[in-house]
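Visitor: Submitted below is the structure of interest, expressed as structure tokens.
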Amino acid sequence: MKKKLISVIFGLFIGLINGLLGAGGGMLAVPALRYAGLSQKEAHENAVAVILPLTLLSAVLYVLNGRVTVSDALIYLPGGLVGSLIGTRLMKKISNIW
């Protein structure tokens with residue numbers, strides 16, 4: 001029960017940080033997932049899966065509220081996609097120590 005409560009609290013703060021900063025919830029998600037028993041790599045990989053829907057929701061809300069235009073954000077997508085592909089491949093090769 002205590003572990004579930006801690007997970008819910010971490011989830012709340014992860015969403016809050018992600019909503020305020022547009023990202024950064026992974027800084028909290030990785031330790032929370034490590035606490036849940038995942039290895040370092042598993043925690044990083046799962047943090048991305050946790051952050052993705054939160055980031056998409058934040059982005060949609062910002063666009064719907066007129067705070068961001070899609071055209072302003074599009075210029076960053078190609079580099080972000082390439083960086084994501086490189087990062088995903090590198091993660092497989094990096095030692096758990098790093």
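Visitor: Evaluate the distance, in nm, between pseudo-label points positioned 7 Å from the Cα of residue 76 and of residue 59 along their respective Cα→Cβ axes.
Guide: 1.0
Visitor: While we're here: Let me check I've understood the local charge: for residue 36, count other residues with C-beta under 11 angstrom from its C-beta, Lys and Arg +1, Asp and Glu -1. What total comes out? Walk me through the numbers before you get to the answer.
Guide: On the way: positive: 3, 4, 34; negative: 42.
Here the charged neighbours net out to +2.
Visitor: How much of the accessible area of region 15-57, probe 1.4 Å, is carbon plus sulfur, in whole percent?
Guide: Working: 1810 of 2460 Å².
On region 15-57, the fraction of accessible area on carbon and sulfur atoms equals 74 percent.
Visitor: Let me ask something additional. Hey, can you find the accessible area per residue of the chain for me, probe 1.4 Å, expressed in square angstrom?
Guide: Details: 7560 Å² over 98 residues.
I get 77 Å² per residue for this part.
Visitor: Given the options 19, 83, 11, which has the most mean-square fluctuation in a GNM of the chain, springs set between C-alpha atoms less than 10 angstrom apart?
Guide: Most flexible of the set in this elastic network: 83.
Visitor: Another one. What spacing in nm lies between the two simple spin-label points modelled at residue 69 and residue 49, each 7 Å away from Cα in the Cβ direction?
Guide: Roughly 3.8 nm, to one decimal.
Visitor: Taking 0.36 nm per residue of sequence separation and subtracting the Cα-Cα distance, how much length would be gained by fully extending the chain between residue 85 and residue 36, in nm to one decimal? Before the final figure, lay out the partial values.
Guide: Values: separation 49, 0.36 × 49 = 17.64 nm, distance 2.68 nm.
Net length gain for the segment: 15.0 nm.
Visitor: In terms of the Cα gyration tensor, with a ≥ b ≥ c the square roots of its eigenvalues, is the chain rounded because a/c is under 1.5, prolate because a/b exceeds b/c, or oblate?
Guide: On the way: a/c = 3.49, a/b = 1.25, b/c = 2.80.
Taking the square roots of the gyration eigenvalues as a ≥ b ≥ c, the chain is oblate.
Visitor: Pairs on different chains or at least eight residues apart, Cα atoms closer than 27 Å: how many lysine pairs in the chain fit?
Guide: Working: 2/41; 3/41; 4/41; 41/92; 41/93.
Final tally of qualifying lysine pairs is 5.
Visitor: Also, I was wondering about something else. In debye, nearest 20, what is the charge dipole magnitude of the chain about its Cα centre with +1 on Lys and Arg Cβ and -1 on Asp and Glu Cβ, if you could check? List each step's numbers first, then the result.
Guide: Numbers: 9 positive and 3 negative charges, 79 e Å.
For this selection, approximately 380 debye.
Visitor: How large is the helix-only mean residue ellipticity at 222 nm for the chain, computed as the sum of -39500 (n - 2.57) over DSSP H runs with n ≥ 4, divided by its residue count, in deg cm²/dmol to the nearest 500? Spell out each step's value before the answer.
Guide: Details: 5 runs with 77 residues, N = 98.
My calculation for the chain gives -26000 deg cm²/dmol from helical runs alone.
The values are calculated or read from the model by the stated rules, or taken from the named source; none is laboratory data. Since the structure is predicted, the reported quantities are computational estimates derived from the model, not experimental observations. Cβ atoms come from the backbone with ideal geometry, glycine included; neighbour counts cover every protein chain shown. Remember, those area values only see protein heavy atoms, side chains included, never the ligands or the DNA or RNA. Shrake-Rupley method; radii C 1.70, N 1.55, O 1.52, S 1.80 Å.
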